[in-house]
Amino acid sequence: MKKLSLALLAILFLALTPINLVSHAEEGSDDNSSVSSENSKESVRAEIEQKRQEIKDNIEKRHKETKERVASKAAERKEKLEENKLKICEKRKSNITNRADKVASRVEKHFNRFGILVIKVDNFYTTKLLPKGVVVDNYAALKADIETQKIEVQGLLTTLKSDIAAFDCNSDSPKSQLETVKAELKNVHLAMKDYRTSIKNFIKAIKNAVKEKKEASSSAEID
């Protein structure tokens, strides 16, 4: 009976042993499967992150390219605008400087004629009238005023011609240069007007002196 029991126990032990081995094998297989699954997930996450980075990089690249295109277009527009401004400036320069040159030349001619007139009138007064007793009381003051106005016109003409010659559309402020030339033209006109007035005052004073001398002579004859 004992032998039979031992035999049965041995059979049961042998029968159960493979099951346990299989069970352990299956457990090992489950562990490997779990590790493989986890690695697969990591790989997927890494691939997704890589795709995201690629998309981000592409967006940044397109954004940079867009900014560069916009900047390039803006530079082209600015260049065209500068070219147009330069053409306009050159045209205005031609109109204004030509006119300024003509005005300066005309003023200079009048200025020289005024100078000659003053010399003739002064010589007539000092050589013909003064010896006959025709005296202009404020002669020195009138001559000083003429000389002052003459120097003023000379200085303005010199500056005007210099600024006309120096005008450049490629300068930092060509508009300012044009405005300066315009203002100087106006100043030359005003100075010439004052110069002419001073000469008229001189001539008028001499005429009045002659008139007074005649009246004095007539009065003396009557007396």
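Determine whether the range 178-201 contains at least one residue that is touching a Gly at 6+ places or on another chain (Cβ under 8 Å) and either over 28 Å from E108 (Cβ atoms) or not basic (K, R) (or both). No, there is no match, as no residue in the range 178-201 is touching a Gly at 6+ places or on another chain (Cβ under 8 Å) and either over 28 Å from E108 (Cβ atoms) or not basic (K, R) (or both).
Do we have G155 as assigned to a helix (DSSP H, G or I), without any contact (Cβ under 8 Å) to a residue 40 or more places away in the chain, farther than 30 Å from K213 by Cα and open to solvent by less than 50 Å² (accessible area, probe 1.4 Å) here? It is true that G155 is assigned to a helix (DSSP H, G or I), without any contact (Cβ under 8 Å) to a residue 40 or more places away in the chain, farther than 30 Å from K213 by Cα and open to solvent by less than 50 Å² (accessible area, probe 1.4 Å).
When restricted to residues that are polar (S, T, N, Q) and within 26 Å of the chain's Cα centre (by Cα), the range 166-222 contains 6. Cβ-Cβ below 8 Å, separation at least six or inter-chain, first residue in the range 172-201 and in contact (Cβ under 8 Å) with a residue 60 or more places away in the chain and within 30 Å of A140 (Cβ to Cβ), second surrounded by 12 or more Cβ atoms within 10 Å (Cβ to Cβ) and among the charged types (D, E, K, R): which pairs? If the second residue must be surrounded by 12 or more Cβ atoms within 10 Å (Cβ to Cβ) and among the charged types (D, E, K, R), the pairs left are Y195/K150; Y195/E152. Within the range 203-217, being among the small types (G, A, S) and within 21 Å of L117 (Cα to Cα) holds for A205, A209.
The values are calculated or read from the model by the stated rules, or taken from the named source; none is laboratory data. None of the values given here were measured: they were computed from a predicted structure. Neighbour counts run over all protein chains shown; Cβ positions are idealised from the backbone, glycine included. Calculation scope for accessible area: heavy atoms of the full protein, side chains included, ligands and nucleic acids excluded. Shrake-Rupley method; radii C 1.70, N 1.55, O 1.52, S 1.80 Å.
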